[in-house]
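Asker: Mind having a look at this structure? Questions to follow.
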Amino acid sequence: MHDSTADALIVGAGPYGLSTAAHLKHYGLDVRVIGTPMEFWDGSMPRGMFLKSEPFASSLGAPFAGAAFTDRHPGWRNGRPIPLATFVEYGRWFAENLVPDCEDAQVELVDRHRSRGDFTVTLSTGEVARARAVIMAIGVRSFAHTPVVLSGLPPHLCTHSVEHRDLDRFEGREVAVIGAGQSALETAVLLADAGAHPLVLARTERLAWNSVPVPSPSLVNRALRGPHSGLGRGYRTWLWAEHPWATRLLPDGTRRHLVRTTMGPAGAWWLRDRLDERVQVLTGRVVTGARESDGGAVVRTAGRTGGRGEHHADHVIAATGFVPDLGRIDILAPELRGLVQAAHRSPVLGPSFDSTVPGLYFTGLASAASFGPVMRFVHGADFTARRIAAHVAARAAGLAAQPAVTPPARPAEETASEAAKEAAPQG
Ligand SMILES: Cc1cc2nc3c(=O)[nH]c(=O)nc-3n(C[C@H](O)[C@H](O)[C@H](O)COP(=O)(O)OP(=O)(O)OC[C@H]3O[C@@H](n4cnc5c(N)ncnc54)[C@H](O)[C@@H]3O)c2cc1C
């Protein structure tokens, strides 16, 4: 039980929460992290899953060298997919070493104290904690998106992919999987592995697959195709992946288009061979409705070039992704939530992930509308953590009007001047 006001309280101990905590602690700030390390990855991702991101793009952000995924697993090369359990273990190792005092509790309500201007945070333990800054690192779960066309099905017949850690319960059953991204395709393969009969209904005309990473392409190849970055190869991709501050400076419409279209639905290269005849795939099918029938589900589709279809299944899994929506963050007190300026349902964020409520920050998917597609992936965590930590430290020191604070020690490959540039607001 803490009876003082923390400098910062972080909601959630996933990759973004842990990275931000590590950076804040490096400034010597009093930080509380509420949440079980890697809870979402361990509890809500399907057993047997592999990461789509390459090892070098699967690191949490630390203020010093030695805590990257490849430090924990030296020699783990690109092109070797990371099993879910290995990544969860890495995240927990990071927590044990850099953020050992995460509190195994849930945040139930975040509110702002009217006169003091700091935050009151109600925990599942019954404690009402106080903090001068709150960092919402709640991840994607509350943004799970199920298309309205599936609303004709009751919950026992239709679930979102995020609800399935264990697919064994579908053994021997027909399962329609809606979607064409990695989550849909991997869910279908894992269903087949579990002895189920999956049918993938994809809107796209054909499935897209990421290409096999080429270890060290020639200089000419690199010059033509662009550098390799956390989101893939190409000059523009490199910019979005490695310099998300630039994305934030784009005009609103351009940025929205970028967030919507970059990294569209595609399967990982290593999944391709596993999607065999056990999985039926129908492409070019737009789901138009669904209903219950004889204890099962019937999904109605229309072909992109005409033709209607009805598909019977024992169960439907919507692998239809996540859509950020401030209105769905119900742990924010309504009045406080109303003070957060939003555009297209995402919070409008300043250069340090700061919302229009001083001291309230948003990370991960909730920040993608401002900082671009990299915020949907672990790879965006280090940039986020550095920015937030520098800003919170500046506020704590009463320097909020001078955000170009001296940043913490940087990993060897980054220079002090780059660090100073990053800590300063862009645009
Ligand atoms: C099936 C699947 C596969 C993916 N594969 C990859 C991949 O290969 N590579 C990649 O980079 N990204 C992948 N992603 C995206 C991935 O979810 C994000 O990159 C990553 O989880 C972002 O980290 P985060 O900290 O924002 O969110 P999370 O990892 O979701 O962490 C947020 C944490 O906050 C906790 N929390 C939420 N609310 C509260 C509360 N009220 N109180 C306390 N704690 C709370 C949650 O339990 C959770 O542990 C995948 C996503 C899915 C669904």
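Asker: Charges at C-beta only: +1 for Lys and Arg, -1 for Asp and Glu. How large is the resulting dipole of the chain about its Cα centre, in Debye rounded to 20?
Answerer: Approximately 1500 debye in magnitude.
Asker: With a 1.4 Å probe and all protein chains left in place, how much of the accessible area of the chain comes from carbon and sulfur atoms, in whole percent?
Answerer: 52 percent
Asker: Expressed as a rounded percentage, what relative contact order does the chain have, with Cα pairs under 8 Å and six or more residues apart?
Answerer: Contact order relative to length: 21 percent.
Asker: Next question. Which value, in Å² and to the nearest 10, is the accessible area of CYS102 when all protein chains are kept and the probe is 1.4 Å?
Answerer: 30 Å²
Asker: I need the calculated FRET efficiency for the pair ALA105 and VAL348, taking r as the beta carbon distance and R₀ as 30 Å, to the nearest 0.05.
Answerer: 0.50
Asker: A further question follows. Rounded to the nearest whole Å², what accessible area per residue is found for the chain with the 1.4 Å probe?
Answerer: That works out to 45 Å² for each residue.
Asker: How high is the relative contact order of segment 1-126, in percent, with contacts defined as C-alpha pairs under 8 Å that are six or more residues apart?
Answerer: 25 percent
Asker: Right, here's the next one. How much accessible surface area, in Å² rounded to 10, belongs to the heavy atoms of HIS26 with a 1.4 Å probe?
Answerer: Accessible surface of HIS26 is approximately 80 Å².
Asker: Report, in whole Å, the centroid distance computed from the Cα atoms of segment 65-83 and segment 238-274.
Answerer: The two parts, judged by their Cα centres, are 23 Å apart.
Asker: Something else now. How large is the direction-averaged shadow of the alpha-carbon convex hull of segment 21-177, in nm²? Each step should come with its number before you reach the end.
Answerer: Numbers: hull surface 52.6 nm².
So the mean shadow area of the Cα hull is 13.1 nm².
Asker: About the Cα centre of segment 120-252, how large is the charge dipole given +1 on each Lys and Arg Cβ and -1 on each Asp and Glu Cβ? Please answer in debye to the nearest 20.
Answerer: Computed charge dipole of segment 120-252: roughly 640 debye.
Asker: Could you work out the relative contact order of segment 211-258? I mean the mean sequence separation of Cα pairs under 8 Å and 6+ apart, divided by the number of residues, in percent.
Answerer: Details: 29 pairs, mean separation 8.6, N = 48.
That works out to 18 percent.
Asker: Which semi-axis lengths, in whole Å and largest first, follow from the square roots of five times the eigenvalues of the Cα gyration tensor of segment 89-207?
Answerer: Values: eigenvalues 301, 74, 40 Å².
Computed over segment 89-207, the values are 39, 19, 14 Å.
Asker: Tally the DSSP beta bridges in the chain and give the antiparallel ones as a percent, rounded to 5.
Answerer: On the way: 30 of 60 bridges.
If we restrict to bridges inside the chain, about 50 percent are antiparallel.
Asker: Using a basic spin-label model with each label point 7 Å from the Cα along Cα→Cβ, how many nm lie between THR283 and TRP270?
Answerer: The two pseudo-label positions are separated by 2.4 nm.
Asker: Moving on to the next point. Among ALA369, ALA184, ALA223, which one shows the biggest mean-square fluctuation in a GNM of the chain, springs joining Cα atoms closer than 10 Å?
Answerer: Comparing ALA369, ALA184, ALA223 in the GNM, the peak value goes to ALA223.
Asker: With +1 on each Lys and Arg Cβ and -1 on each Asp and Glu Cβ, how big is the dipole of segment 1-149 about its Cα centre, in debye rounded to the nearest 20?
Answerer: Numbers: 14 positive and 16 negative charges, 99 e Å.
Once rounded to the nearest 20, the dipole reads 480 debye.
Asker: I'd like to know how segment 115-270 sits against the 2.2 N^0.38 Å rule of thumb: what's its Cα Rg over that expected value? Walk me through the intermediate numbers first.
Answerer: Working: Rg = 21.3 Å, N = 156, 2.2 N^0.38 = 15.0 Å.
Its radius of gyration relative to the 2.2 N^0.38 Å reference: 1.42.
Asker: What distance in nm separates the simple spin-label points at HIS156 and THR254, each placed 7 Å from Cα in the Cβ direction?
Answerer: Modelled inter-label distance: 5.3 nm.
Asker: How far apart, in nm, are two points set 7 Å out from the Cα along the Cα-to-Cβ line at TRP209 and at GLU89?
Answerer: A separation of 2.9 nm, rounded to one decimal place.
Asker: Once Rh is set to the Kirkwood radius over Cα pairs, what Stokes-Einstein translational diffusion coefficient, in µm²/s, holds for the chain at a temperature of 4 °C and a viscosity of 1.567 mPa s?
Answerer: After rounding, the answer is 57 µm²/s.
Asker: Mind ordering 191-202, 133-144, 297-308 by average Cβ neighbours within 10 Å, highest first?
Answerer: With the highest mean Cβ count within 10 Å placed first, the list reads 133-144, 191-202, 297-308.
The values are calculated or read from the model by the stated rules, or taken from the named source; none is laboratory data. From a predicted model like this one, the values you see are computed outputs, not experimental measurements. We place every Cβ from the backbone using ideal geometry, glycine too, and count neighbours over all the protein chains shown. Keep in mind that these areas ignore ligands, DNA and RNA; they rest on the heavy atoms of the full protein, side chains included. Shrake-Rupley method; radii C 1.70, N 1.55, O 1.52, S 1.80 Å.
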